[in-house]
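Some notes on the structure that comes next.
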Amino acid sequence: MPTNGLPTIIPPYLKKGDKVAITCPAKKLPIPMTDAINLLTSWGLEVVLGDTINASYHQFAGDDAFRAADLQRFIDDDSIKAIICARGGYGTIRMVDLVNFGGLTDKPKWLIGFSDITLLHAHIISNYGIACIHGQMPLNIPDASKYSLETLRMALFGEELKYTLPANTCNRQGKANGILVGGNLSLMMAISGSVSDIDYEGKVLFLEDVGEYLYAVDRMLRCLKRAGKLEHLAGLIIGGFTDMKDNDIPFGQTLPEIVMDVVKDYRYPVCFDFPAGHISNNCSLILGQSVYLEVQENQTIIHY
C-alpha cells in the first residue's frame, strides 16, 4: 500500500551482532547514555555513539549543521543498521533540510524515536516510503516500563506486535486497514504544507501530545479538519495526551470530547488511550506500515 504514492519499504530487522547508532538531532542530553548502552548490549547489539551525545550549543546538542552531520554520518554508514534518536525536545525542524536522506533508499534502516522525532518519521515516510519506529528513546529508558522496552526490541527484531486494549466508553467502533502515520500532534501541525507533510487519505492516524492547553489541541485538530486531512482517514488512534492544561476560564470539553466533536461527521473507528506517547509505558508502533485496527464494544485490537 503506498504512502504518498511510494511503496512501503520495511528496513531489514535487526539480528544479534548488528551495529546501532545513537544520535541527538534536537535538544542536548542531561544524562549519559549508560542505560541505553546496557539495554542495547543486552539485546546483542553493538552501540555506536554520535558526536552529538556530549555536545552542547545553547539548548541543542550542537548547532544545526553539527547535528545534521551526525545524523548524516549514520545514514551513510552501511554498517549501521538502525539509528536511535537519544531524545526529542525541540530542534529537529532546524536541521532536517540539511540532511540528505537519499542513502536510505538503497540501504534502508530503522529510525527510532518519538515526540520531536515525529518530523523525521513523517519526512522519511512521505518522501522515501520507509517505515520507522515510534518508541522509547534512550533519555526515557530509566523511567520506561519493561513492557514498552520489550515492544521496542520486538519491533526492531521483527517479532509480532499485537495490542489488545480494554474498552473505552469514548471509543467509536469499527474496523480499519491502512498505513499507520502520525505521532506528536504539534509536530504534525508544524510540518503541514511542507515537504515533510503526510498524505492522510486512507491512513490510520495516531496522535499524542504533552503539556498542551485543551484549547490548543482543539485548534490543531480543527486546523487538520479544515485542511481536509481528517475526512478520509481509515481510522484514528489517540495515545497519551498527558499534562494537559486549562485556562482560568475552563475550556469546557475533555480531550476525548474535543476529538469526537471534531470527527463527529465521519464514520471511521476511533480508539482512545493507546499506550504510546509521553508516558512510561510508551509502547512501540511501526509507522509507515499497514496496520489493522478493530474497535469492538469490549476491547480494541491493533496488529500488523
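The values are calculated or read from the model by the stated rules, or taken from the named source; none is laboratory data. Worth saying up front: this structure is predicted, and the values here are computed from it rather than measured. With ideal geometry, Cβ positions are generated from the backbone for all residues, glycine too; neighbour counts draw on all protein chains shown. We work out accessible area using only protein heavy atoms, side chains counted, and drop any ligands, DNA or RNA first. Shrake-Rupley method; radii C 1.70, N 1.55, O 1.52, S 1.80 Å.
What the table shows:
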{"item": "Residues (basic (Lys, Arg) and either open to solvent by less than 10 Å² (accessible area, probe 1.4 Å) or touching a Cys at 6+ places or on another chain (Cβ under 9 Å) (or both)) located in segment 71-105", "result": "Arg87"}
{"item": "Tally, over segment 244-287, of residues that are among the acidic types (Asp, Glu) and either under 29 Å from Trp110 (Cβ atoms) or in contact with a Cys (Cβ under 9 Å, 6 or more places away or on another chain) (or both)", "result": "2"}
{"item": "Qualifying position, being buried (at least 19 other Cβ atoms within 10 Å of the Cβ) and either in contact (Cβ under 8 Å) with a residue 40 or more places away in the chain or at negative phi (or both), among Ala234, Ala227, Ala216", "result": "Ala234"}
{"item": "Total residues in segment 127-174, condition surrounded by 15 or more Cβ atoms within 10 Å (Cβ to Cβ), in a helix (DSSP H, G or I) and among the aromatic types (Phe, Trp, Tyr)", "result": "2"}
{"item": "Count of residues meeting criterion [in a strand (DSSP E or B) and either open to solvent by 30 Å² or more (accessible area, probe 1.4 Å) or at positive phi (or both)] in segment 16-47", "result": "4"}
{"item": "Inter-residue pairs, beta-carbon under 6 Å, first open to solvent by 40 Å² or more (accessible area, probe 1.4 Å) and in segment 260-273, second not in a strand (DSSP E or B), 6+ apart", "result": "Asp273/Asn168"}
